[in-house]
Amino acid sequence: MDKTVLTSLNKGLLSALHQDERVYLLGEDILDPYGGAFKMTRGCSTAFPERVFTTPISEAGLAGLSAGMALRGLRPVLEIMFGDFTTLVTDQLVNHISKFRWMYNNTVNLPLVIRAPMGGRRGYGPTHSQTLEKLFMGVPGLTLVAPVNLVDDKLHQAPGDLLQGIILRTNDPVLFIENKLQYLLPVYSPEDLPDLEISLTLEGSTGEIDFLTYTLRVKGAPPPQVTLTAYGYMAELARQAQLKLAYEEEIFTELVIPTRLVPFETGVVSRSVDLTSRLVTVEEGSLTLGWGAEVIARVQESLPGRGLTVRRVAARDLPVPAAPTLEMQVLPQVEDILLGVRKVLENDR
C-alpha cells in the first residue's frame with residue numbers, strides 16, 4: 001500500500017513511463033537528484049534518462065511543445081512547477097490544446113497530461129500559493145481531475161493508479177490538480193477509517209478511465225442533516241470536520257468527494273441533497289465565482305422548488321499572504337467548515 005499521496009503519484013508516474021515508451025516527462029528542475037520542487041518526479045530521470053527532459057523556464061513554450069508531441073502520437077506529461085504558473089499556459093490550453101479535436105473534425109487526439117501543484121499553507125506568498133483551477137473549469141474540451149487520499153477495496157484506485165491510467169489511456173487533454181499539502185497525507189483504505197462508512201460511485205469517464213466519487217458517512221449515525229462536498233486537500237479537512245461535528249455536536253453529515261471536477265456530474269451530490277435539503281461546498285480557491293457556486297447552481301436546477309439551504313466555504317477574495325497567521329485567516333480551515341454547517345442549520349430554524 002502506498003504510504004502517502006506523494007509516493008503513490010510518483011509510483012504511478014514511474015509505472016506509466018515503464019509501461020509505454022510513448023510517455024515522456026517534461027518540466028523545470030525535474031532531474032535527479034533534485035526530482036522536482038515537490039519530489040514528485042524523483043527517480044524518473046534515473047530510470048528513463050532518454051524520456052525525461054528538464055527544460056528552460058518557459059511554461060507557454062513547454063505547453064506548445066507538449067501539444068505538438070501529443071499530436072504526433074506521444075503521451076507527454078508536463079509538470080508546471082507551481083500551479084500559479086498555469087496562467088502562462090492559458091493561451092495554449094484555451095485556444096489550442098482544448099480545441100484541436102473540434103478544429104480538425106475528430107481526426108486528431110491530444111493525450112496530454114498537465115500536472116499542477118496548487119494551494120497554499122506553506123508560506124510561499126501571493127504568487128506561489130494560489131488555487132487557480134477555477135480559471136479552467138469553463139473550458140470545453142479540457143478535463144480537470146483532483147485525486148483524493150483514499151483507496152477503495154473494489155477498484156483499488158489509489159491516487160497513483162488514477163494518474164497512471166489517465167497518462168496511458170486517455171486521448172484528450174487533462175489538467176491534473178495536486179495540492180501541495182495533500183502530497184504528505186496518508187492514503188487511507190477503509191480499514192484505516194473505522195469510524196466511517198465509504199461508498200463509491202462511478203461518475204463519468206475520459207477514454208477508458210472511470211472516475212470515482214466517494215461518499216463518507218459516520219458509521220451507525222442517524223440520517224445526515226447536511227451534505228458536504230469538497231475535493232483534493234479540502235476533502236481531508238472536510239472529513240476532519242465531519243467527525244468533529246458528529247462526536248462533539250451530534251450534527252451528522254454526508255461528505256461527497258468527486259475526483260473529476262470537469263466535466264462535473266452532480267448526480268451523487270443532488271441525491272444526497274434531496275435527502276438533507278442542505279448543502280455546504282468547500283474549496284481552497286477564492287469564494288467569488290468558484291467551484292462551489294457552480295455546484296450549488298446545478299444542484300438547485302436539479303431539485304427545483306425544494307427551497308434548499310446552501311453555503312460556500314472558500315478562501316477570502318484576497319491575495320494569499322506569506323505570513324502564516326495571515327495565511328490561515330485567508331484560507332479556509334476546519335473551523336470554517338464547522339461554522340458553515342452550523343449556519344445552514346441555523347437558517348432553517
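Of all the residues in segment 1-32, those that are surrounded by fewer than 19 Cβ atoms within 10 Å (Cβ to Cβ) and modelled with pLDDT under 95 number 2.
Taking residue 51, is it free of Cβ contacts under 8 Å to residues at least 12 places away in the same chain and over 24 Å from residue 133 (Cα atoms)? No, not satisfied.
Within segment 320-342, the residues that satisfy the criterion of being exposed (fewer than 15 other Cβ atoms within 10 Å of the Cβ) and more than 25 Å from the chain's Cα centre (by Cα) are 323, 325. The single condition among (1) of a type in the set (A, V, I, L, M, F, W, C); (2) surrounded by 17 or more Cβ atoms within 10 Å (Cβ to Cβ); (3) under 22 Å from residue 199 (Cα atoms); (4) in contact with an Asp or Glu (Cβ under 9 Å, 6 or more places away or on another chain) that residue 245 does not satisfy is (4). When segment 196-232 is filtered for residues that are at positive phi and not in a strand (DSSP E or B), the ones remaining, listed by number, are 207, 220, 232.
The values are calculated or read from the model by the stated rules, or taken from the named source; none is laboratory data. No experiment lies behind these values; they were computed from the predicted model shown. Don't worry about glycine lacking a Cβ; one is built from the backbone with ideal geometry, like all the others, and counts go over all protein chains shown.
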